[in-house]
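Let me begin by presenting the structure, written as structure tokens, before commenting on it.
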Amino acid sequence: MKIRGFKQCGEIYRRVHWNNRGKKSIVWRCVSRLENTGLTCHSRTVLEDMIGLATVEAINKLIGQKDGFLTILKENIEIVISETDNNIVAEIDKKLEELQKDLLRLANSKEDYNDIADEIYRLREERHKALAEEAGKKGSKQRLEDMEKFINEQSILLEEYDEQLVRRLIEKITVYDDKLTIEFKSGVEIDIEK
């Protein structure tokens, strides 16, 4: 989970043990306020307890709006599935096979084959990118399905902060002057005024 400041400098926040006038606490503070990054930042410091309460509130809002959220989530899953195109890799493989035959033919007849070799390298790179994109889509689909399963299993609201659950569900938290935006790994965002 990432925590970022928005309005000021956009840097990430870091967890800090704070001793302010003898009162010890754990806070999250913008990195540019902790280190000399060259940026001037006046983003607020946020108590860790406040972040915990905000995430619990966001998860409970999500659970409380289960039906509407599940509809959106299912639509997102369908979009991810529909964007999956297994034919791209197969088409690239077919082109590569043809080019490799042409390469062998030109090499055997001692003709210039540099253009074909360059095209083979380009297609291999394109194939690698397509496979990586496919893996990313499968990961997104799995995260969406995990979120749907979690929400369906919840019959009661969350009473206290659960680190494991938060790491499983929350992608990032963005700190604004008047609110925290909790972004779930499914892409849903919930604003909590704090």
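Considering only residues that are aliphatic (A, V, I, L, M) and out of contact with any helix residue (DSSP H, G or I) (no Cβ under 8 Å at 6 or more places or on another chain), which ones fall in region 102-142?
Leu104, Ala107, Ala132, Ala135
Report yes if Glu189 is buried (at least 16 other Cβ atoms within 10 Å of the Cβ), of a type outside the set (Phe, Trp, Tyr), in contact with a Ser or Thr (Cβ under 9 Å, 6 or more places away or on another chain) and within 30 Å of Ile12 (Cα to Cα), otherwise no.
So Glu189 does not fit the description; no.
Here are some residues: Val188, Val175. Which one is at pLDDT below 85 and in contact with a Phe, Trp or Tyr (Cβ under 9 Å, 6 or more places away or on another chain)?
Val188
Output the number of the condition that Glu97 fails; it satisfies all remaining conditions of (1) modelled with pLDDT of 80 or more; (2) open to solvent by less than 70 Å² (accessible area, probe 1.4 Å); (3) of a type in the set (Asp, Glu).
(2)
From the list Glu119, Glu163, Glu125, pick out the single residue that is among the acidic types (Asp, Glu), without any contact (Cβ under 8 Å) to a residue 40 or more places away in the chain and surrounded by 15 or more Cβ atoms within 10 Å (Cβ to Cβ).
On the way: Glu163 fails: surrounded by 15 or more Cβ atoms within 10 Å (Cβ to Cβ); Glu125 fails: surrounded by 15 or more Cβ atoms within 10 Å (Cβ to Cβ).
Within the list Glu119, Glu163, Glu125, the selection yields Glu119.
Scanning for something part of a loop (DSSP other than H, G, I, E, B), at pLDDT below 85 and either of a type outside the set (A, V, I, L, M, F, W, C) or loosely packed, with under 11 Cβ neighbours inside 10 Å (or both), does region 85-94 turn up at least one residue?
There is at least one residue in region 85-94 that is part of a loop (DSSP other than H, G, I, E, B), at pLDDT below 85 and either of a type outside the set (A, V, I, L, M, F, W, C) or loosely packed, with under 11 Cβ neighbours inside 10 Å (or both).
The values are calculated or read from the model by the stated rules, or taken from the named source; none is laboratory data. What you see is a predicted model, and the numbers here were worked out from it, not measured in a lab. Note that we place each Cβ from the backbone using ideal geometry, even for glycine, and neighbour counts take in every protein chain shown. Surface areas here come from the heavy atoms of the whole protein model, side chains and all, with no ligands, DNA or RNA. Shrake-Rupley method; radii C 1.70, N 1.55, O 1.52, S 1.80 Å.
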